[in-house]
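The values are calculated or read from the model by the stated rules, or taken from the named source; none is laboratory data. Because the structure is predicted, anything quoted here is derived from the model rather than measured. Heads up, the Cβs are rebuilt from the backbone with ideal geometry, glycines too, and the neighbour counts pull from every protein chain shown. In case anyone asks, the SASA skips ligands and DNA or RNA and just uses the protein heavy atoms, side chains included. Shrake-Rupley method; radii C 1.70, N 1.55, O 1.52, S 1.80 Å.
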Amino acid sequence: MERLNLSRYRKDFPVTRRFVFLDHANMSPSPVQVGRAVNKLMKEKMEYAHLKFDVWGAQVEQARQNVARILDGRKEGVWFANNTSDGINIIANGVEWRKGDNVVMPNIEFPSVVYPFLKRKATTELRYAKADYAEDGVQVPVSEFERLVDDRTRVVCLSSVDYGFGCRYDLKAVAEVAHRHGSILLVDASQAAGAVQMNLGSDGVDVVAFGGQKWTFAPSAGGVFYMNPEMFPKFTPPFVGWFSVADPMNQILTNYTEGFEIAPDARRFATGHPNFPGIIGLAASSQYLLDVGFARVEARGLEVSGYLMKRLREAGFGILTPAEDRKRACIVSFTIPDGNAVIESLKKRRIIVSGYLQTRRRGIRVSPAFYNTNAEIDAFVESLPKSKSSS
Ligand SMILES: Cc1ncc(COP(=O)(O)O)c(C=O)c1O
């Protein structure tokens, strides 16, 4: 594969002129192409009001197409959500729960995965798959899902890449366990989509939610909700509105006694007016990733984060993220004493990383993207206090 000309792509990211920015798992900078697309939308809105609705509608369709490619899913399964939490709530509120049902998820999950189900704890049991704090990185073994999932499990829910430790799950293996017991597999792809290629079809993932503000470089609220279209006949959207129907522009507004015809595709999960700035920003950012070449984005992201792991290992830090490429994406976490103070002192030197909550108070989380250079990684590692790791 041809190597990326980094200096060319770095010009698209003005953030590189201010910071060594290594915190994409938190919220990424958008490339200038995204700014231009959103500015154009706002200019059109100022000058044309709704008269550009069709133009924006075409861009929404483009976003669906692009996202389907990045997820290797089906375009008709893609719709949008403000954020991951909205998407997870569609499932938590849409499943027809029976008393005694359970949900299985890792015990290291981000709160947006947990709370929509925890809210139902009076009737629905939450079962936590235990993370293994192994020498070669923190991971939740598939055997944990085997142990907990049973015929009363309705949802297995996990972040395909963990936000704190950076481990990547074997989705195919977890889907196999979930499906054997008639459960759906719901994936929070916040730390995976846009960083690594997902293969929803071949992995057997049923539902995906993610916010666009991280690895897909979209504006805030440019998130995605995806459902495998084969699930549509079995799942009733919990929230509907005028935009959820088959033909929103030609509804008979005089007679509501006959019910309504739900959209045949994932637009059934829309309720009202689309979030054009978020979605059009996502159309531009996903197009940007496809234009750079998504395979190259993924390869460089793994390469630069792999280089970071090597440098940290040489410096004697204990790494919390699994080393193998297939078991991680672009997040690297490591232990260091007094991580929060280190993060603050790095910020003064214009080096941006995060941690603490994410690493359960164990250290620092670093999340470089494809456009970061090895020299930026060197600058980061060389700015760390010399003291070695502590767990
Ligand atoms: C795994 C994961 N899920 C969800 C979120 C955020 O949730 P939302 O998109 O609802 O703001 C984050 C980080 O902010 C995350 O790391």
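Just a few scattered comments:
- Taking all protein chains as shown and a probe of 1.4 angstrom, residue 40 keeps an accessible surface of around 100 Å².
- If the convex hull is drawn through the Cα atoms of the chain, its volume per residue in Å³: 143
- With 10 Å bins from 0: P(r) over the range 21-144, alpha-carbon pairs, percent: 10, 24, 31, 22, 12, 3
- Computed over protein heavy atoms with a 1.4 Å probe, the accessible surface of the range 72-183 works out to 43 Å² per residue.
- Using a probe of 1.4 Å, the accessible surface attributed to residue 27 totals some 90 Å² when neighbouring protein chains are kept in position.
- A Gaussian network model of the chain, with springs between Cα atoms under 10 Å, assigns the largest mean-square fluctuation among 306, 281, 212 to 306.
- Above-threshold pairs, the threshold being 18 Å between Cα atoms, out of 172/327; 75/327; 310/347; 99/119: 75/327; 310/347
- For the range 281-391, alpha-carbon Rg relative to the globular expectation (2.2 N^0.38 Å, N residues): 1.11
- Ordered from largest to smallest accessible area (heavy atoms of protein chains, 1.4 Å probe), the residues 11, 310 come out as 11, 310.
- Residue-averaged 222 nm ellipticity for the chain, from DSSP H runs of 4+ at -39500 (n - 2.57), nearest 500: -11000 deg cm²/dmol
- Centre separation in Å (Cα based) which lies between the range 110-133 and the range 302-316: 33
- Axial C-alpha extent at least 20 Å, average Kyte-Doolittle at least 0.5 - helices from the chain (DSSP): 276-292
- Dipole magnitude of the range 160-223, debye to nearest 20 (Cβ charges: Lys/Arg +1, Asp/Glu -1, about Cα centre): 80
- Taking 154, 360, 69 in turn, the Gaussian network model of the chain (Cα-Cα springs below 10 Å) assigns the largest fluctuation to 360.
- Apolar share of the accessible surface for the range 249-391: 52 percent from carbon plus sulfur atoms, 1.4 Å probe.
- Column: log10 I(q)/I(0), Debye, Cα scatterers of the range 153-260, q = 0.10, 0.11, 0.12, 0.18 Å⁻¹: -0.39, -0.46, -0.53, -0.94
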